[in-house]
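Q: My questions all concern the structure below.
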Amino acid sequence: MVKSLVLAAHNWKVLLKSIVYQAILLALIVALGYLIFGGMVDELIAVFNENHLSDFLADTVNSIVNGTFDNEGFAERLAQVIANVRQSVQSVHMPFGGVTFSYILFCLIILVYRMLVSLTDVTAACQLEEFMTSNAERPFSWFFIKKQARSWQFVLIQTAVALPMDLLIIIGCTGFYLLFLVAFRWWAIIPVSIFALLLYTARLTALAYTLPAMACKDCRTGFAFRQGMARGMLRFWQVYWKTLIVVCVMATISILSLLFVRNAIAKTALSTLPNFVLFFYLKCINMVEYFRFDNQPFFYKRVEIEGTDRYIRRHRHDSHAD
């Protein structure tokens, strides 16, 4: 993981440009969502504030940490909060006159965002591959424009494969929660959360080599994707535990920001931007592991070697200066 971290650090420009794109995209999607669901969002926020849900969550977490948690008192308060929220939500105005259509529209916006946010993945992977093989760097925009067709193909295939897996995880964890809800009450959320993290890590690991295969193999997109999945299964556990560490850090940052940050803008920034950085680091881990699978030597930091593009550019500049 150290080499992956060094690789990410030496390619901070790629990371920065990817984050700028993803941050702009997130802002546009949030603006679009607020334009469509703005009135409903304001009413839901009012419901959230009226019922003091932030205080309820914070008090619950603090009581667990302090060892003063009262199971019976929590159950009574939770039932009261649910009843109040249910009554308040009934008065919330749904856009376009229907709950079902609003849900469908909301899911479509999330799906479009999920696809567009991955549009720089192939660009970032190609820049990492070029750095690792030749210690060279070409402009981010050059790869982004040149790889547009391949990027869209990858995004469509990845969405078609990953979306059903994500739905299975959600359905499975929901069923797991309902199964243990009677016996463990609200504490069932703890094993369910752990189970969800393990399953999500497995999903990420199963697709870990698909992006490196797209960047490293000059073949059709579908074939590279299938080859990446097949290779990933052969080194599943070597990648799984590293991915699990990154996913746990992501989950911790997200939970802490959602529970303890009051400002909505700061909450969104702290729950998304660090995860963008960690997802880039995860790409670096997958690239390093992919090269190791092929027993292929690679650069993970800048090295002055005669014949490389960087060496030629630097010494050409030095000769001009003389």
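The values are calculated or read from the model by the stated rules, or taken from the named source; none is laboratory data. Remember, predicted model here, so these are calculated numbers, not experimental data. Quick reminder, even Gly has a Cβ in these numbers, built from the backbone with ideal geometry, and neighbours come from all protein chains shown.
Q: State whether one or more residues within the stretch 262-269 are surrounded by 14 or more Cβ atoms within 10 Å (Cβ to Cβ) and among the basic types (K, R). Let's see the steps before the verdict.
A: Residues of the stretch 262-269 that are surrounded by 14 or more Cβ atoms within 10 Å (Cβ to Cβ), as a first pass: 267-269.
Then keep just the ones that are among the basic types (K, R); that gives 267.
Looking for residues that are surrounded by 14 or more Cβ atoms within 10 Å (Cβ to Cβ) and among the basic types (K, R), one finds at least one in the stretch 262-269, hence yes.
Q: If I ask for residues that are without any contact (Cβ under 8 Å) to a residue 40 or more places away in the chain and either acidic (D, E) or more than 17 Å from T205 (Cα to Cα) (or both), which ones from the stretch 155-173 would you list? If you could, list the steps in order and put the result at the bottom.
A: Keep residues of the stretch 155-173 that are without any contact (Cβ under 8 Å) to a residue 40 or more places away in the chain, which gives 160, 164, 166-173.
If the condition is that a residue be without any contact (Cβ under 8 Å) to a residue 40 or more places away in the chain and either acidic (D, E) or more than 17 Å from T205 (Cα to Cα) (or both), then D166, I170, I171, G172, C173 are the ones that fit.
Q: Pairs, please: C-beta under 7 Å, at least 6 apart or cross-chain, first residue assigned to a helix (DSSP H, G or I) and in the stretch 8-23, second of a type in the set (S, T, Y)?
A: Qualifying pairs under 7 Å: A8/Y281; S18/T120; Y21/T120.
Q: Can you tell me how many residues within the stretch 133-190 are in a helix (DSSP H, G or I), at pLDDT 80 or above and of a type outside the set (S, T, Y)?
A: 30
Q: Can you pull out every residue in the stretch 208-227 that is outside any loop (DSSP other than H, G, I, E, B) and either without any contact (Cβ under 8 Å) to a residue 24 or more places away in the chain or in contact with a His (Cβ under 9 Å, 6 or more places away or on another chain) (or both)?
A: Residues of the stretch 208-227 that are outside any loop (DSSP other than H, G, I, E, B), as a first pass: 210-216, 221-227.
If the condition is that a residue be outside any loop (DSSP other than H, G, I, E, B) and either without any contact (Cβ under 8 Å) to a residue 24 or more places away in the chain or in contact with a His (Cβ under 9 Å, 6 or more places away or on another chain) (or both), then F223, A224, R226, Q227 are the ones that fit.
Q: Please list, ordered by first then second residue, the pairs with beta carbon atoms under 6 Å, 6 or more apart or interchain, first in the stretch 124-141 and closer than 9 Å to A215 by Cβ, second of a type in the set (F, W, Y).
A: Listed by first residue and then by second, the contacts come to C126/F143; Q127/F143.
Q: From the residues in the stretch 1-28 that are aliphatic (A, V, I, L, M) and crowded, with 17+ Cβ neighbours inside 10 Å, which one is farthest from K283 (Cα to Cα)?
A: Pass one, the stretch 1-28, residues aliphatic (A, V, I, L, M): 1-2, 5-9, 14-16, 19-20, 23-28.
Subsequent filtering for residues that are crowded, with 17+ Cβ neighbours inside 10 Å retains 7-8, 14-15, 19, 26.
Working: L7: 10, A8: 9, V14: 12, L15: 10, I19: 14, L26: 20 Å.
It comes out as L26.
Q: Using the structure shown, decide if T243 is at pLDDT below 90, within 17 Å of the chain's Cα centre (by Cα) and assigned to a helix (DSSP H, G or I). Break it down stepwise before answering.
A: Working: at pLDDT below 90: no; within 17 Å of the chain's Cα centre (by Cα): yes; assigned to a helix (DSSP H, G or I): yes.
No.
Q: Then there's this: Would you mind telling me which numbered condition in (1) modelled with pLDDT under 75; (2) assigned to a loop (DSSP other than H, G, I, E, B); (3) under 27 Å from T123 (Cβ atoms) E306 fails?
A: (3)
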